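Taking it in order: structure first as structure tokens, then the write-up.
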Amino acid sequence: MVTIQVCVGSSCFLRGAPDVIKAFETIIEKHAPRQVELKGTFCQELCAKGVTVRINEKVFTAVAPEDVPGLFREQVIPILCRDESADAGDR
Ligand code: FES
């Protein structure tokens, strides 16, 4: 399971957090609807660098909607693949 948290504090909101959330919703629905949880969070205290996104424990700043496919490919998919390998190892 991967948790993606998008800051919806006022600064990140004004910098485009709703569009970042929409981009994540679209890609999650298409590729991993049951393995990824998308949440909004309060201010992460990185306002000047927003939009701030946390993927599990890693923090990314200045995220724009066009960055979402790359983040998903480079950060989310590897975690899902590791989870699948671990699950297979449990069998
Ligand atoms: S409003 Fe997003 S980091 Fe502060």
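Every read-out reported here was derived from the displayed coordinates using simple, explicitly stated rules and does not represent laboratory data. Just so we're clear, the structure is a prediction, and the values are computed from it rather than from any experiment. Reconstructed Cβ throughout: ideal geometry from the backbone, glycine too, with neighbour counts over all protein chains shown.
Quick notes on this structure:
- For the pair Gln35 and Asp67 in one chain, pulling the backbone fully straight at 0.36 nm per residue adds 9.5 nm over the alpha carbon distance.
- Fraction of beta bridges assigned by DSSP in the range 1-62 that are antiparallel (%, nearest 5): 50
- The equivalent ellipsoid that matches the C-alpha gyration tensor of the chain spans semi-axes of 25, 13, 10 angstrom, in descending order.
- A straight Cα-to-Cα reach below 24 Å connects Lys30 with the lysines Lys22, Lys39, Lys58, residues fewer than 8 places away in its own chain not being considered.
- Partner aspartates and glutamates for Lys49 [C-alpha distance under 18 Å; skip if fewer than 8 residues away on the same chain]: Asp19, Glu57, Glu66, Asp67
- FRET E, pair Asp19, Glu84, Förster distance 22 Å, beta-carbon r, rounded to 0.05: 0.15
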